[in-house]
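Take a look at the structure set out below.
Read the figures in this text as sums done on the coordinates, not as results from a lab. Not measured: the values here are computed from a predicted model. For neighbour counting, all protein chains shown are included, and Cβ atoms are generated from backbone atoms with ideal geometry for every residue, glycine included.
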Amino acid sequence: MSNSAVIQRTLSVLEAVAASGSAAAKTVASRLEIPLPTVYRLLNELTHSGYLVYLKESKRFELGPKCFELGLSFQQRLVAPFPLRQITDQLHRALGTAAYFAIYRGSDIILTYCSDCEKHPRLRPLRFGFHEAAHATAFGKILLSAMPADQRTEYLEARGMAVLTPQTIINREILDDHLAEVATRGIAWEHDEFLPRQTCAAVPVRNGAGMQVGAMAMSTPSSKARDRMREIESTLREHAGLASSYLRGGTVTVPVVEHT
């Protein structure tokens, strides 16, 4: 077996344990259809390296300290700087909606900050590190709209286009036409495509070279968005402009405006 195959199998074992919280060797072997002796060997190697721990009483494996160290390091590298969190918080207050800041990392767009409250909660699947369903989220569409056609095809074929609601766009031709409009207008709208009865919008955030490096987004119940689309777009663009100014090295003064 090649080194890449061994690495892939080892990671599959680690992911199988992570998906269950804890798992017995026989469960992992059955799920992955890997011979039990091989699974035991990989589990023991991962335990010896600190990526897993073995619970003797239950005879199960669970994630070890090395995984938590990696997760903490990942979060520290991605967490939005304070000025960007401050801008996102002000977007939340100005619109009276949940607000989000996402960044591009490789070929993905990753949510790095959410600003919400009890009255205006975030969409519950959305959390730090969320990067799924780009075809159905406003900030995901911003990413897809900037991709060359071949890169977009590769991205969507690798991740799929899951049907999340009856409004989710899963036809590639229709999605491409929609993304062309997103690229032209510089704003992505998502109406009931990710979650029923929820509307989201996002605009790009750019660095000093003018490249899209992320997105500023919001979400609110669709019933509250219908008569506010122009206000939402204007406010989003204003705050994305502040975020872009910060990334260009400018001094950013966040206006304090409370939503009424």
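Quick notes on this one:
- Sequence ranges 104-117, 139-152, ranked by mean other-Cβ count within 10 angstrom, highest first: 139-152, 104-117
- Listed residues ALA98, ALA29, ALA183, most fluctuating in the chain (Gaussian network, C-alpha, under 10 Å): ALA29
- Over all pairs of different C-alpha atoms in the chain, the reciprocal of the mean inverse distance, the Kirkwood hydrodynamic radius, equals 20.4 Å.
- Rh (Kirkwood; distinct C-alpha pairs) - region 107-260, Å: 16.1 Å
- Among 234-247, 10-23, the order from most to least packed when residues are scored by Cβ within 10 Å on average: 234-247, 10-23
- Estimated from helical segments only, the mean residue ellipticity of the chain at 222 nm is -15000 deg cm²/dmol, where each DSSP H run of four or more residues counts as -39500 (n - 2.57).
- Nitroxide proxy distance, nm - points 7 Å out along Cα→Cβ at LEU11 and TYR40: 2.7 nm
- Net charge contributed by nearby residues that have their C-beta within less than 11 Å of CYS200 (K/R +1, D/E -1): -1
- Where labels lie 7 Å past Cα in the beta-carbon direction, separation of ILE174 and SER234 in nm: 3.3 nm
- Three principal axis lengths of region 3-70 [C-alpha, angstrom, descending]: 25, 25, 19
- Relative contact order (%) - region 79-247, alpha-carbon pairs under 8 angstrom, separation at least six: 24 percent
- Mean Cα-pair separation over length for region 104-166, i.e. relative contact order, pairs under 8 Å, 6 or more apart, %: 29 percent
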